[in-house]
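The values are calculated or read from the model by the stated rules, or taken from the named source; none is laboratory data. As the structure is a prediction and not an experimental result, all values here were calculated from the model. Cβ placement follows ideal geometry from the backbone for every residue including glycine, while neighbour counts extend to all protein chains displayed. Please note that ligands, DNA and RNA were not included when accessible areas were found on the heavy atoms of the full protein model with its side chains. Shrake-Rupley method; radii C 1.70, N 1.55, O 1.52, S 1.80 Å.
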Amino acid sequence: MLNSSKLSKIINELIEFVNLHYSVGDVNVTPETNLIVSGVIDSIQVIELIVYIEKKYNIEFTEDDLLDSEFASIAGLTELILSK
């Protein structure tokens, strides 16, 4: 069973990172926000986010992970992190 406090912690850490490092403009970043479609991050920033997540959580994304539609949101990224 998934530990909801761990889930919440990761979601909050990722939202904080995005809000601190990227200009989100008037976008309210939530766990479900599509970070790319909403314009919060661009293709270069996706790479930065991947590197941050891999280092912080000591994981490695596969090519399939990067192509997964879940990869576009904080909630989806959190699920991928927890699946590693």
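A few comments on the model shown:
- Structure-based [θ]222 nm, the chain - -39500 (n - 2.57) summed over DSSP H runs of at least 4, per residue, nearest 500: -17500 deg cm²/dmol
- Sulfur and carbon atoms: percent of accessible area, the chain [1.4 Å]: 52 percent
- Positive-end residue of 57, 40, 4, charge dipole of the chain with Cβ unit charges: 4
- Relative contact order of the chain, pairs being alpha-carbon contacts under 8 Å that are 6 or more residues apart, as %: 33 percent
- Sequence-ordered 3J(HN,Hα) estimates for the stretch 21-36 from the Karplus curve with 6.51, -1.76 and 1.60 and θ = phi - 60° stand at 9, 10, 7, 8, x, 9, 7, 8, 6, 10, x, 8, 4, 6, 5, 7 Hz, glycine and proline given as x.
- Loop GluC sites (Glu not before Pro), the chain (other Cβ atoms within 10 Å of the site Cβ: 12 or fewer; DSSP): 32, 60
- Rounded if a/c under 1.5, otherwise prolate or oblate - the stretch 1-63, Cα gyration tensor axes: oblate
- Think of a 1.4 Å ball rolled over the protein heavy atoms: the chain then has 63 Å² of accessible area per residue.
- Rounded to the nearest 10 Å², the accessible area of residue 8 at probe 1.4 Å: 60 Å²
- Using Cβ point charges alone (K and R +1, D and E -1), the dipole size of the chain about the Cα centre works out to roughly 380 debye.
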